[in-house]
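The values are calculated or read from the model by the stated rules, or taken from the named source; none is laboratory data. A quick note: this is a predicted structure, and the numbers were derived from the prediction, not measured. In this analysis, Cβ positions are derived from the backbone assuming ideal geometry, glycine residues included, and neighbour counts consider all displayed protein chains. The accessibility values were calculated without ligands, DNA or RNA, using every heavy atom of the protein model including side chains. Shrake-Rupley method; radii C 1.70, N 1.55, O 1.52, S 1.80 Å.
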Amino acid sequence: MNKICVIGLGYIGLPTSAIFARAGYNIVGVDVNENVVNTLNEGNIHIEEPGLPEAVKEAVDSGKLKASTTPEEADVFIIAVPTPVHEDKSANTDYVAKATESILPYLKKGNTIIVESTIPPRTTDDVVAPILTEAGWDLPANDLYVSHCPERVIPGKIMEELIHNTRIVGGLSPEAASKAADVYRSVVKGEIHETTSVEAEMAKLMENTYRDINIAIANELAKVSDKLDVNAHEVINLANMHPRVNIMQPGPGVGGHCIAVDPYFIIEKAKEVTPLMQTARQINDSMPDFVVGQVKELTENLQKPKLAVFGLTYKANVDDIRESPAITVLRKLQKEGYNVAAHDPFVRQEQTDIELHSVEDALKDADAAIVLADHNQFKEMDPSLFQQHMKTPVVLDTRNCIQKHDDITLYQIGHLTGLKPIE
Ligand SMILES: NC(=O)c1ccc[n+]([C@@H]2O[C@H](COP(=O)([O-])OP(=O)(O)OC[C@H]3O[C@@H](n4cnc5c(N)ncnc54)[C@H](O)[C@@H]3O)[C@@H](O)[C@H]2O)c1
């Protein structure tokens, strides 16, 4: 077992290819995007991830990794293609189906097939397996060993986490799980747990659903605190002194391509019995409107107010703006007619059509500043800058990250006590 064909060379497939190549496997990386393939064959990469450029260059130079637009025969096939959501939030498993179809001509008896893409429960049984069965493979007889092995890496630490995270390997059969576990055992230093494919699918989805629900309760607490005039941050600090309580921080909503998306993969399969998951999604999705509501209250006496918006990404210290609630807030504010000037030290102008400004330009003559990401730069920022550059130094901090200062009026989501319209 020494050749692996990896289908999909994005944030998951490419680091996975590089790590298996480093372990001595011969890797054929397949992508439908020719640019990705050409870039990789030159020893370069098209995504940003610490440690990845060196690993890919080393693998390509050693001849262990090559890229192609078509699959090849191999011992193991790893599928790492996207699973976006449709407009109605249902999962689009077409990429996984197409990737499975693309390997059909290259399969041999005894091959191991591993789906790493995040998929709704039963997708391995109901989407992947039927394609293989229809092509003539007898899966109950283990002609092929088919598994789902979800990824839980965090961008920025992918190279480290691919090796050290605990892995769940869910097989269509116990033998399939065991074969897939053998593949990972050759590179993974974390624990490897064998289970069924549907339990592996559900475990991955429940991890992010659990996080979504926990963020939702913090966000709901922020709304309750506003209604009852209580400081939610103090409440959270005190409640978390209980040895078995860990309430998270409220914020402007949930973004990214995992927590804001994965719960829908469960909900679509079990709508009638998931009111909690659905409500958590609604609460988190309602936060941008809650923020906009506070901004409107602050600015109701002003004619054409200028707002400085700090932070566009969905979490701190990254450049990722996918599904970012900060962008939702900004677009809603623009739609309401606000003159908005955005600043984010991580986002590059080519990533967005939103015009980006320096700290000073964003703050210049602004009536209020709205902080939507807790980047280190904002935590460390001298708060007197607000006073120096703004028309009125009023800050609405949705991430509880701006330092207090006598010369600024600071309101926090979770502690909006005394919020009154700017005169
Ligand atoms: N990025 C993460 O941090 C992360 C973490 C956990 C799970 N996941 C899951 O892993 C999967 C892959 O995510 P990603 O971030 O690597 O996606 P990505 O968009 O970065 O990369 C996917 C690649 O697959 C290629 N592709 C699409 N269809 C193809 C096909 N039929 N054949 C060959 N290539 C094809 C695309 O061109 C693209 O280059 C998704 O299901 C995602 O939810 C991602």
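For the range 3-195, calculate the relative contact order in percent as a whole number, restricting contacts to Cα pairs under 8 Å that are 6 or more residues apart.
19 percent.
Projected onto the charge dipole of the chain (+1 at Lys/Arg Cβ, -1 at Asp/Glu Cβ, origin at the Cα centre), which of 257, 291, 238 gives the Cα projection farthest towards the positive end?
So the residue we want is 238.
Taking H placed 1.01 Å from N in the peptide plane, check which residues at least 5 places from residue 6 or on another chain put their amide H under 5 Å from its amide H.
Excluding prolines and chain starts, which carry no amide H, the hits are 28, 29, 30, 78.
What helices in the chain pass both tests, a Cα length along the helix axis of 30 Å or more and a mean Kyte hydropathy of -0.5 or higher, using whole DSSP H runs?
197-228, 275-299
Where the centre of each part is set by its Cα atoms, how far does the range 294-368 sit from the range 109-130, in angstrom?
42 Å
Arrange the residues 343, 148 by how much accessible surface each exposes, largest first, with a 1.4 angstrom probe.
Sorted by accessible area, descending: 343, 148.
With +1 assigned to the C-beta of every Lys and Arg and -1 to the C-beta of every Asp and Glu, and no other charges, what is the dipole magnitude of the range 122-267 about the Cα centre in debye, to the nearest 20?
480 debye
How would you rank 62-74, 233-245, 203-215, highest first, on the average number of other Cβ atoms within 10 Å across their residues?
By packing density, highest mean first, the sequence is 203-215, 62-74, 233-245.
Among 379-391, 262-274, how do they line up by average Cβ neighbours within 10 Å per residue, starting with the highest?
Per-residue mean Cβ counts within 10 Å order the peptides as 262-274, 379-391.
Hey, what number do you get for the chain at 222 nm if only DSSP H runs of n ≥ 4 count, each worth -39500 (n - 2.57), divided across all residues, to the nearest 500?
It comes out at -11500 deg cm²/dmol, rounded to the nearest 500.
How would you rank 283-293, 12-22, 135-145, highest first, on the average number of other Cβ atoms within 10 Å across their residues?
12-22, 283-293, 135-145
List the residues whose amide H sits under 5 Å from the amide H of residue 169, counting only those 5 or more places along or on another chain, with H placed 1.01 Å from N in the peptide plane.
Excluding prolines and chain starts, which carry no amide H, the hits are 193, 194, 195.
Along the charge dipole of the chain, Cβ charges K/R +1 and D/E -1, which of 131, 387, 415 sits furthest on the positive end?
415
Quick one: net charge of residue 340's neighbours, Cβ under 14 Å, K/R +1, D/E -1?
Its environment carries a net charge of 0.
Taking the Cα atoms of the range 188-269, report the difference between the largest and smallest coordinate on each principal axis, in whole Å and largest first.
That gives 48, 31, 19 Å along the principal axes, largest extent first.
What is the magnitude of the charge dipole of the chain about its Cα centre, with +1 placed on the Cβ of each Lys and Arg, -1 on the Cβ of each Asp and Glu, and no other charges, expressed in debye to the nearest 20?
Roughly 440 debye, rounded to the nearest 20.
Not counting ligands, DNA or RNA, and with a 1.4 Å probe, what is residue 164's accessible surface area in Å² rounded to the nearest 10?
110 Å²
What is the percent carbon and sulfur in the accessible area of the range 285-412, measuring with a 1.4 Å probe over the protein chains and ignoring ligands?
Heavy-atom surface of the range 285-412 belonging to carbon and sulfur, 1.4 Å probe: 41 percent.
Taking the Cβ of residue 201 as the center, what net charge do the other residues with Cβ under 15 Å away carry, scoring Lys and Arg +1 and Asp and Glu -1?
That works out to -4.
Please give me the summed charge of the neighbours of residue 269: other residues whose Cβ is under 11 Å from its Cβ, Lys and Arg +1, Asp and Glu -1.
Within the 11 Å Cβ shell, the charges total -2.
Below 8 Å between Cα atoms, with a sequence gap of 6+, how large is the relative contact order for the chain in percent?
Averaging sequence separation for qualifying contacts and normalising by length gives 11 percent for the chain.
Distance check, please: which entries in 179/271; 204/306; 108/189; 157/364; 89/109; 223/379 exceed 31 angstrom between their Cα atoms?
179/271; 204/306; 157/364; 89/109
Taking amide H atoms as placed 1.01 Å from N in the peptide plane, list the residues 5 or more away in sequence, or in a different chain, whose amide H sits under 5 Å from that of residue 369.
308, 394, 395, 396
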